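Please read the structure below before turning to the comments.
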Amino acid sequence: MSMYPVAWQVSSGGLTQSIAWHCRTYTPKPINTHGVDLSPELLALVELLARNVHEVWAAGKLAAKWKYMPERAVADLPAGAAGAGNTSSMLVPYEFLTEKVRDACRT
């Protein structure tokens, strides 16, 4: 049994026409959750899941040989300089992320 719905099956030749059609016609429809009040228990779960989102992202980057580099160091590199690629200032433990980045992990 495939993990993809039948319309999303991948053939040996690449994406099927059905997938290509869905990709061209897909329009995201996010739900506005501003103003939704969560219980303290759910807020704690949201924080735990956000931490895990960051951990999964960081593990993937590190497995792909990404390295930590502070933003200011990347900004100081000359345009097109080697070393700026495959680096991120966010390859740090969750608690060291800025509130803005942690908020992005929560969404």
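Below is a table of values for the structure above.
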| quantity | calculated |
| --- | --- |
| Karplus 3J(HN,Hα) series, Hz, for the stretch 57-67 with 6.51 cos²θ - 1.76 cosθ + 1.60 (x for Gly, Pro) | 4, 5, 4, x, 5, 5, 5, 8, 6, 6, 10 |
| Simple spin-label estimate for Trp57 and Ala104 in nanometres, 7 Å along Cα-Cβ | 0.6 nm |
| Extension gain (nm, one decimal) between Leu45 and Trp66, 0.36 nm per residue minus Cα-Cα | 4.7 nm |
| Spin-label pair Thr25/Asp37, simplified geometry with 7 Å Cα→Cβ offset, distance in nm | 4.2 nm |
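Any read-out appearing in this document is the output of simple, stated calculations on the displayed coordinates, not a laboratory observation. Remember, it's a predicted structure, so these values are computed and weren't measured experimentally. Positions of Cβ are backbone-derived with ideal geometry, glycine not excepted, and every protein chain shown enters the neighbour counts.
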